[in-house]
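The values are calculated or read from the model by the stated rules, or taken from the named source; none is laboratory data. Computed from a predicted model, the values in this text were never measured in an experiment. Backbone-built Cβ (ideal geometry, glycine too); neighbour counts: all protein chains shown. Heavy atoms of the whole protein, side chains included, go into the accessibility calculation; ligands, DNA and RNA do not. Shrake-Rupley method; radii C 1.70, N 1.55, O 1.52, S 1.80 Å.
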Amino acid sequence: MSQDQKPVFPEYETDTSQTSKLLRKFKETPFVPIGMAGFAMVVGYGLYRLKHRGDTKMSLHLIHMRVAAQGFVVGAMTCGVLYSMFREYVVKPKE
C-alpha cells in the first residue's frame, strides 16, 4: 500500500492480531462465548455420562444430549438478543 493511499476499512486495519480482534468481538457480543462454553460443557458432561449411562439406549442418550446442548445455545442467543435490545432501546447510549 502506498503512502498516500488511505485504508478502506480503518477500524479493521488498526487491530493487527487475531487475539485483539477476538477480544473486541467478545466485548461487542458477550453471550456468544457464553453459548460456546455452555455447549462445550454440555457435550463434555454428555460424553462423561455416556460411560455411566447404565441400561439407557445410546440413541436416547444422544437425543437428550443434543437437546440440552441446543437448548443452552438457543438460550444464550436469546439472552444476547435481549441484552442488545436493552442496550440499544432502554439505556440509549450518549450520541
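For Ile34, only one of the following conditions fails: (1) touching a residue at least 40 places away in the same chain (Cβ under 8 Å); (2) part of a loop (DSSP other than H, G, I, E, B). What is its number?
Tallying (1) touching a residue at least 40 places away in the same chain (Cβ under 8 Å); (2) part of a loop (DSSP other than H, G, I, E, B), Ile34 fails exactly one: (2).
Quick check: anything in the range 76-86 modelled with pLDDT under 85 and surrounded by fewer than 12 Cβ atoms within 10 Å (Cβ to Cβ)?
no
Taking the range 43-75 on its own, how many of its residues are under 14 Å from the mean Cα position of the chain (by Cα) and open to solvent by less than 80 Å² (accessible area, probe 1.4 Å)?
Count: 4.
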